[in-house]
Amino acid sequence: MKKFMVALTGLVTLATVGATVPATAVTTAHAATKSTYVSPSLKVNAIYTTSTKVSGTATKGSKITVKTTKNAKKNLASGTASKTTGKYSIKLSKKLKKNTNVYVYATNSKTKAYFYRIIRVQAASTKATTTKSTSTKKTTTTKKTTTKKSTTSSKTSTASFSVKTPTGTWTSNTANKYSQKWVFSQKTGLNEYLYKNGKKVKTLVSYAKYSVSAKTPTFWKITYTPKGSKTKQTMYLRFTSAKKFKVVNSKNQVISTKAGVAPAAKWTFTKA
């Protein structure tokens, strides 16, 4: 069996992928085992500074542990995923600080194969309070203006969508009769295919181990190593929605890139 590593925030690191968190959180993940057993699957919900528990889903019956560092001897939390649903919710031993990382592990108690994700703790989400008033029109107007400004500020600083993980099949636009299909999978890694006039002409990348790092909620760096290669390669993605991204450079600028024998073009991918 092959081993895979994924390092997408939120919004995913794996063959593995980014963790199940909002795009504002950095997430990396690793399948790690010295045996030939398949590592457990693991999804982790967003963790906030106000969180008292860590929850998500994993392979049924997996042992779940939360640590402050990869090799920490003490656990922040531990428990077992449901044997029927795979869901888990385990209590934290202390509150967590903003922008700190925690390591969430899923371990097969029989084979000892394990898989972990690194989750960045987010600031507690706040909701604006609404106050009823019977004051004069002037006071009411002032409150409406304040609310409007607050909403505008929120839109400029936070994406209106959340990208959790790149897992799945993504198809590109057609450029010069060519198109691409990228598949991110926990089992088979990253696979990229090139098509011409709708017919497959070349496999660009196969069974690549990959890691995902969210530079911002919508700007991701993906590092991958194709099967049989020792050389790591890097690409950058800018998400324009939860189901669409553009290929960009390290400065988050849209660029033209070659894909096998296809001429250089600007690529936009949509989730199938």
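Quick note: the coordinates plus some simple rules give every number you see, no bench work behind them. Quick caveat, the model's predicted, so the values are computed rather than measured. Virtual Cβ from ideal backbone geometry, glycine too; neighbours counted across all protein chains shown.
Quick check: the distance between the Cα centres of the stretch 89-107 and the stretch 251-272, to the nearest angstrom?
Spelled out, the Cα-based centre of one part sits 37 Å from the other.
Quick one, can you get me the convex hull of the C-alpha atoms of the stretch 176-272 expressed as volume per residue in Å³? List each step's numbers first, then the result.
Working: hull volume 10.6 nm³, N = 97.
Measuring per residue, one finds 109 Å³ for the Cα hull of the stretch 176-272.
How large is the Kirkwood hydrodynamic radius of the stretch 33-114, in angstrom, based on all distinct alpha carbon pairs?
For the stretch 33-114, inverting the mean 1/r across all distinct Cα pairs yields 13.0 Å.
Rounded, prolate or oblate for the stretch 192-234? Axes are the square roots of the Cα gyration tensor eigenvalues, ordered a ≥ b ≥ c, and the cut-off for rounded is a/c under 1.5.
Note, shape of the stretch 192-234 comes out oblate.
Applying a 10 Å radius around every beta-carbon, put 107-119, 208-220 in order of their mean neighbour count, most first. Please list the in-between numbers first.
Numbers: 107-119: 20.0, 208-220: 22.5.
Answer by packing, highest mean first, reads 208-220, 107-119.
For 245, 184, what ranking results if the residue with the fewest other Cβ atoms within 10 Å of its Cβ goes first? Numbers along the way, then the final one.
Details: 245 24, 184 28.
By the 10 Å Cβ count, ascending, the order reads 245, 184.
Rounded to the nearest Å, what's the spacing between the alpha carbon centres of the stretch 210-229 and the stretch 41-77? Just the number, please.
22
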